[in-house]
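Enquirer: Before we start, here is the structure in question, set down as C-alpha cells.
The numbers here are math on the coordinates, done by the rules we state, and not lab data. Remember, predicted model here, so these are calculated numbers, not experimental data. Virtual Cβ from ideal backbone geometry, glycine too; neighbours counted across all protein chains shown.
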Amino acid sequence: MDDNYQVYVNRVVRATLPETFQSQVQYIQPSPKFEQQPDGTIQPAAFPGYTVITPPWADDSQNGAVYTHLHQYQQQILDKLEPNLLIPVPAESFHFTLADLIWASAFDHAQEDPAFEERLNDCVAESFLKSEASVQGEKPIYWQIIGLFLRTRALGVCLVPREQDSYDRVIQLRRTLYQNSDLIALGVEQQYNFTAHITLGYFSEATNGADGDRLSKALIELNNQWLESDEMHDVGLYRAELRKFDDMTRYYREPDWATLEF
C-alpha cells in the first residue's frame, strides 16, 4: 500500500503548496478526539489503542533541538490562527508514528481477550526481530520537516526522508509489521497510506464558523515562516517502541514491551 520513495516525496511536497491549503480548508471539521465540557473547558476524549512510534519528546534525549523549535512553532500557529480554533497537543507527546496498529472498534473487540496485550507485544517483538537486518544500518535515519500538513481534523507538520535509505528502512519495518499473520489475526491491519507527520493540534468546534480564506492565508504564511527558518528541521529516528494511548495526549509503555534500535 505504501508508495515508492519518489512517489512519496512528490506527494508530500505537494501537501505544502499554497493551492493545497486553499483547497483543503473547505473540508476541515471539528475533531471528535476532544470534547467540550459543561463548564466550557475542552478535554481529550477517550480514544484508546496501540501504535509503534519513536519515543515521545518526554522520553527522547536526542531530538531536543528540533522539538524545541517545533514547540515554539506550535505557539506561533496558535497566536496566528483564530482563537480556540486549534486544540494543541502537549509538546512532550511529539513523536514520529511508524505504524498505527489498532484502535476504535477493533480495539474494543480486542479487549474481550484478557491476554490481548501480551499477545500483541509478543507479535510486535517478533516483527522487530525479523526486520532487524533490513532496518538497522551504519547510517542514522533522518527525516526532514518540510512544512505544514493540513488534515481534515488536525494540523501538523509533514516530513520527507533525507535520503532513500531512510525511507526504505521505515517502509520495511511497516511491511514486516503489517504482513505478520499473527498480528493480522489480532485485528491489526494497515488502513492508511504512509505520510510521516507530527501532529501539533486538532480542530475544535470553532471550525464550523471559520473564515476559509482567512485560514488558508494564515496557513500559507505560517508555512513560509517555517521554510524561511534557519532552525534545525531534521528528526532522527533511533528507536521504535510499542506504545499504548488512552487519548491523543499521552503515549506510554511498560518496561518490558517490544523495542527496536535502528
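Enquirer: Quote the FRET efficiency, to the nearest 0.05, computed for residue 193 versus residue 78 with a Förster distance R0 of 41 Å and r equal to the Cβ-Cβ distance. Intermediate values should be presented prior to the final figure.
Expert: Details: r = 29 Å, r/R0 = 0.71.
Calculated transfer efficiency: 0.90.
Enquirer: Per residue Cα convex hull volume for the range 5-261, in cubic angstrom?
Expert: On the way: hull volume 34.3 nm³, N = 257.
Cα-based convex hull of the range 5-261, divided per residue, equals 133 Å³.
Enquirer: For the range 1-114, with the dipole built from +1 on Lys and Arg beta-carbon atoms and -1 on Asp and Glu ones, taken about the Cα centre, which of 23, 106, 66 lies farthest toward the positive end?
Expert: Farthest towards the positive pole: 23.
Enquirer: What's the local net charge at residue 218, with K and R +1, D and E -1, over the other residues with C-beta under 11 Å away? Mind dumping the intermediate values first?
Expert: On the way: positive: 80, 214, 217; negative: 79, 82, 211, 213, 221.
Around residue 218, the charge tally is -2.
Enquirer: Now, a different point. Would you grab the residues whose amide H sits under 5 Å from the one on residue 35? Only those 5+ places off in sequence or on another chain, please, with H modelled 1.01 Å from N.
Expert: Correct list: 43, 45.
Enquirer: What number, in percent, do you get for the relative contact order of the range 1-98 if the mean sequence gap of Cα pairs under 8 Å and at least 6 apart is divided by its residue count? Intermediate results must be reported in sequence, preceding the final value.
Expert: Working: 53 pairs, mean separation 25.3, N = 98.
Rounded, it is 26 percent for the range 1-98.
Enquirer: Length gain on complete extension for the stretch residue 238 to residue 211, per 0.36 nm per residue less the alpha carbon to alpha carbon distance? Mind dumping the intermediate values first?
Expert: On the way: separation 27, 0.36 × 27 = 9.72 nm, distance 4.09 nm.
Difference between extended and current length: 5.6 nm.
Enquirer: Quick one: which residues, 5+ away or cross-chain, put their amide H under 5 Å from the amide H of residue 101? H built at 1.01 Å from N.
Expert: Distant-sequence amide H within range of residue 101: 50, 51, 52.
Enquirer: Next question, about the same structure. Would you mind getting me the FRET efficiency between residue 9 and residue 119? Use the beta-carbon distance for r and R0 = 41 Å, nearest 0.05. Don't skip to the answer; put the middle values down first.
Expert: Working: r = 37 Å, r/R0 = 0.89.
So, using R0 = 41 Å, E works out to roughly 0.65.
Enquirer: What are the residues whose amide H is under 5 Å from the amide H of residue 154, where those residues sit 5 or more places off or on another chain and H is modelled from the backbone?
Expert: 203
Enquirer: Can you give the relative contact order of the chain as a percent, counting alpha carbon pairs under 8 Å and 6+ residues apart? Working shown, then result.
Expert: On the way: 443 pairs, mean separation 91.8, N = 262.
About 35 percent, as a whole number.
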